[in-house]
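Each value in this text was obtained by applying a stated rule to the coordinates, not by laboratory testing. Note that the structure is predicted; figures quoted are calculated from it, not measured. Note that we place each Cβ from the backbone using ideal geometry, even for glycine, and neighbour counts take in every protein chain shown.
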Amino acid sequence: MLTQREKMNVVIIEGLDRIARVVAERIASVIRSKATEGAQAVLGLATGSTPLGVYRELIRMHREEGLDFSNVVTFNLDEYFPMDPGSMHSYHRYMWENLFDHVNIRRENVHIPRGDIPKHEVDEHCRAFEEAIVQAGGLDFQLLGIGRTGHIGFNEPGSGPGSRTRLIFLDTLTRRDAAGDFFGEDNVPVEAITMGVGTILEAREIVLMATGEHKAKIVQRAVEGPVDPDVPATYLQGQPNVTVYLDPPAAAELTRIKTPWLVGEVEWTREREVEAVAWLSEQVGKSILRLGERDYRDQHLSSLVARYGSAPRLNGEVFNALIAKIRGKSKLPREKRIVLFSPHPDDDVICTGATLHKLQGNDNQIVIAYQTSGNIGVVDDELRRYSELMRRVGRAFQIRDSALDELPEKIERFLADKAPDQVDIPEVQELKRAIREAEAVAALETLRLQPSQARFLNLPFYRTGEAKKNPIGERDVEIVVELLEEMRPEIVFVAGDQADPHGTHRKCKEAIDRALARYSGPSPEVWLYRGAWEEWPVDEASVFVPMSEEELRLKILAVFKHESQRDKVPYASPGDRDIWQRVEERNRGTAATLERLGLPAYFAMEAFVVERDGQRLENPAVPTSSLGAEAHERSTKAARPAKSKT
Ligand code: F6R
């Protein structure tokens, strides 16, 4: 019943590692069963961020369980065009680095479309690629990801169901999504060679994987929407040999998850009730207190009203539950020890700026822990400006320091010849880090915090100099544990979004989760903020912190201090809007939604989901002071600027 709107087999599995293990196990069983028949296993493989865990698991199986790749033949879905196979962006390099170099596959059995051939040879190359698949006996297994355009392979909107391997123009959204890896959208190739939809559909087994909330909308469209050339993944519908593996964030928009009452009986919890009533209110365009029995009946929610006996009683319950979540300054924590973790310098002010300002005013003892330097996000132009400043400062103050003389020279020489994908020299990385740290401090000061409240953890996993980061390691976790042991926080703020393109937020959260599991103190309350891309939906949030127009302005001023991130970093702001515009839209949007539901009309709001030990706290208690008198004195000294600017 619940899956009646899904036109593909969908399996939802919690945790990226677990999905990776299940999919790797499927691939391994194809390889083994082909080997027992004495035949080759022909695999179609994908690149991108999604299958990395699968490849890691296959390597582990090869090393520890003897999974043998000598009978494996592979065909990759795609490659950018033009693209040098040695480039860090090449899917050739990706496949060798992430899989082939670590298993016993035969070089001649690997097939990846080539991006380094002359254009007039592309058609012939594509034809030969198709022919090679046929010669190998067809694809036994095809692994797919899905792009936010709905592409599979690089079959962008408009691709036909019978399309074959060919050169294709990449969609703007696809190029924007790749911009982070390429250090700017302009560096992303406009074309690619991709296996066709027809080629993919002929595979004997197809697995599509999608993870992260940024995929939720397109997954819903692909799985439940009508078959449509505008969403090529819909061609997979109705095929019995297709399985879609999703993590819960990617599955969040499926009807069975989002609005299960439309497809079956629901086990009602308070959280669900709020979700359903808020949804109904938006659906029929009436405030909660005006919803009538008929509205509930027409939208498959009679069973919910029945639990309360009447619509007004239910309306009142949900209205009260929502209103209790609105927490102005007097209902926010006071005199607590708080650690606010920010994956990059700027997530803190973007997502929690107004709350942070209020918490500081409530005499809490707050430390802002910046987990990474975010230096990858500083564009070279920005650095030139600072290098010029250094030169001028040196001259103006007649500083005869050879480092201050030579550094700008060295930086400018490096930048003059730098290729778009070249890793920065250490001096440039350091300076970019310093720029972001200085911005972070300036932003905190705008919110009336002290520079001494900033801690720059500079976690090692991030320090690769490339968009691609290392997995979280022991030292990353240790650094977080040390901070927790030192601060003994009662509340921690954590970026709880799982959507950022490089997974940095995900990794930062993993470091915190692992550190919390090891930390010797009592479990703190965890206030999850959503990350810079989107806000928590109102039916999911456990706390709303309202702000006045002036407070929003202050917050935006703080965001402005992150100058290196403003409008020059295309991948930092989806669409063409600057970060501050997104902040305003997001915070005003939350307040507007609550207003439509019939709750008090605030100017803007930040939203949080609060948990302890991984369990949601529906109504986190209004905390009372726990800092001792001495600690209180320490905190207020550290917390208050010597001279208030207001
Ligand atoms: C990659 C490919 C693409 C990706 C898709 C999702 O070979 O063909 O279709 O699978 O763009 O990419 P990620 O996994 O990076 O979100």
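At a glance:
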item	result
Quotient of C-alpha Rg and 2.2 N^0.38 Å, computed over region 197-349	1.41
All lysines inside 23 Å of Lys358 as judged from Cα atoms, apart from same-chain residues fewer than 8 positions distant	Lys325, Lys329, Lys331, Lys336, Lys555, Lys561, Lys637, Lys643, Lys645
Residue order, fewest to most beta carbons within 10 Å, for Lys258, Lys215	Lys258, Lys215
Lys, Arg +1 and Asp, Glu -1 on Cβ, resulting dipole of region 210-325 about Cα centre, debye, nearest 20	300 debye
Ranked Cys126, Cys351, criterion: other C-beta atoms within 10 Å, fewest first	Cys126, Cys351
Between region 78-92 and region 429-474, the alpha-carbon center distance in angstrom	31 Å
Size of region 399-504 as Cα extents on the principal axes (Å, biggest first)	48, 34, 24
Which of Phe183, Phe414, Phe341 has the fewest Cβ neighbours within 10 Å, and the rest in rising order	Phe414, Phe183, Phe341
Förster radius 35 Å - calculated FRET efficiency between Arg488 and Glu25, Cβ distance, rounded to 0.05	0.25
Contour minus Cα-Cα distance for Leu404 and Glu549 (0.36 nm per residue)	47.8 nm
Rounded FRET efficiency, nearest 0.05, which uses the C-beta distance separating Arg60 from Ala517 and R0 of 25 Å	0.65
Gln4-Ala419 FRET efficiency (beta carbon distance; Förster radius 56 Å; 0.05 resolution)	0.60
Extension reserve of the Ser33-Gln135 stretch, reckoned as 0.36 nm per residue once the Cα distance is removed	34.7 nm
For region 162-170, 3J(HN,Hα) per residue [Karplus equation, 6.51 cos²θ - 1.76 cosθ + 1.60, θ = phi - 60°, Hz, x = Gly/Pro]	x, 5, 10, 4, 6, 7, 9, 7, 7
Ranked packing of 352-358, 203-209, 423-429, 131-137, most packed first, by mean Cβ within 10 Å	352-358, 203-209, 423-429, 131-137
Extension reserve of the Asn470-Leu557 stretch, reckoned as 0.36 nm per residue once the Cα distance is removed	28.0 nm
Per residue, the convex hull volume that the Cα atoms of region 97-149 enclose (Å³)	151 Å³
Check: the chain dipole with +1 on Lys, Arg Cβ and -1 on Asp, Glu Cβ, in debye	1680 debye
Dipole-positive endmost among Met547, Ile168, Val481 within the chain (Cβ charges, Cα centre)	Met547
Volume per residue that the Cα convex hull of the chain spans, once the total is divided by residue count, Å³	172 Å³
Span from the region 17-62 Cα centroid across to the region 402-428 one, whole angstrom	42 Å
Listed residues Val10, Met95, Val72: farthest to the positive end of the dipole of region 1-111 (Cβ charges)	Val10
Neighbour cut-off at most 16 other Cβ (10 Å), DSSP loop, GluC sites (Glu not before Pro), region 266-315	Glu267
Calculated Rg and Dmax of region 10-256 using C-alpha coordinates, Å	16.9, 49
Where a label projected 7 Å from the Cα of Asn104 along Cα→Cβ would reach, residues of region 73-92 with amide N under 20 Å	73-74
Whole-number D in µm² s⁻¹ for region 263-323, Kirkwood Cα-pair radius fed into Stokes-Einstein, 25 °C, 0.890 mPa s	217 µm²/s
